[in-house]
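All remarks here apply to the structure that follows.
The values are calculated or read from the model by the stated rules, or taken from the named source; none is laboratory data. Being a predicted model, the structure only gives us computed values, none of them experimental. Reconstructed Cβ throughout: ideal geometry from the backbone, glycine too, with neighbour counts over all protein chains shown. Only protein heavy atoms, including side chains, enter the accessible area calculation; ligands, DNA and RNA are left aside. Shrake-Rupley method; radii C 1.70, N 1.55, O 1.52, S 1.80 Å.
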Amino acid sequence: MPLYSDEAVVLRTHKLAEADRIITLLTREHGVVRAVARGVRRTSSRFGSRLEPFTHVDLQLAVGRNLDTVTQAETRSPFGAVIAADYDRYTAASVMLETAERLVSEERQPSVQQYLLLVGALRAMTAGEHRSGDVLDSFLLRSLSVAGYAPSLSACASCGLEGPHRAFSPAAGGSLCTVCRVPGSANPAGETLTLMGALLAGHWDVVDAAEQRHRKESRGLVAAYVSWHLERGLRSLPHLSET
């Protein structure tokens, strides 16, 4: 069987037979790949904890008809150990993994930008320099932007009129002027939309200085925006902390 090498983040795993697992990976060069890790559930497995969710790994895989097979795995960054030790980090990072898999929906379709965003977000999450919820919201907005769903946060999403505007609708694509406003639009504070713009752009001085009420409002808008554009809610999203 032909072999290939790539680097990847482990998105999820599930059991196969008595000792194997199917590993879902987001790779740098091959997009989402599903592969079998033979014997990984045995205590004598040479892979050990290298193929657990959140782990950043170098892999060698053998091409298979339906599923590839992991033949070698070396850890690049053991993000999982730090993430699993903190509930807020764990739940936020779980949303990241699920979002990444949903946005790269076709297997084996390269998505280097999504891959790099995920690795960078997991690295920021484990560094602990910013609130885990803020790292998550930044990742969600930026990954949606890469996928072609960037929210309009200053100009009207419908007519393009420059704002700032005070209405926001996930279905309409973001901020709306008074003329284009649709029924059911939210009315976020101006500071909330400024915060969302900073999360999208990675302006962490603005994000870190934001007040709790604006962060909470922003979090709700980001969650609604993600749910709308992914067409169904994320299973891991309801487990997030309110802080």
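Points worth noting:
- In degrees, nearest ten, helix 132-146 long axis to first principal axis of the chain (Cα): 90
- Global geometry of the range 58-111, whether rounded, prolate or oblate, following the gyration tensor of its Cα atoms and the 1.5 cut on a/c: oblate
- Heavy-atom accessible surface of the chain: percent carbon and sulfur, 1.4 Å: 49
- Residues in the range 1-115 average 49 Å² of solvent-accessible surface per residue, probe 1.4 Å, ligands and nucleic acids excluded.
- P(r) weight above 16 Å for the range 119-165, C-alpha pairs, percent: 52
- Tensor-based shape of the range 76-181 (alpha-carbon gyration tensor, a/c under 1.5 rounded, otherwise prolate or oblate): prolate
- Peptides 146-152, 194-200, 118-124, 204-210 ranked from most to least packed give 194-200, 118-124, 146-152, 204-210, packing being the mean of other C-beta atoms within 10 angstrom over each peptide's residues.
- Within the shell of other residues whose beta carbon sits under 12 angstrom from the beta carbon of ARG41, the net charge comes to +1, with Lys and Arg scored +1 and Asp and Glu -1.
- Using only alpha-carbon positions in the range 169-230, the gyration tensor eigenvalues give semi-axes of 21, 13, 10 Å once each is multiplied by 5 and square-rooted (largest first).
- Normalised by 2.2 N^0.38 Å, where N counts its residues, the alpha-carbon radius of gyration of the range 1-68 equals 1.02.
- In the context of the full set of protein chains, residues of the range 156-219 present 51 Å² of accessible surface per residue (probe radius 1.4 Å, heavy atoms only).
- Estimated 222 nm signal from helices in the chain, with DSSP H stretches of n ≥ 4 weighted -39500 (n - 2.57), rounded to 500: -11500 deg cm²/dmol
- Inter-part distance where the range 175-198 and the range 208-231 are each reduced to a Cα centre, Å: 12
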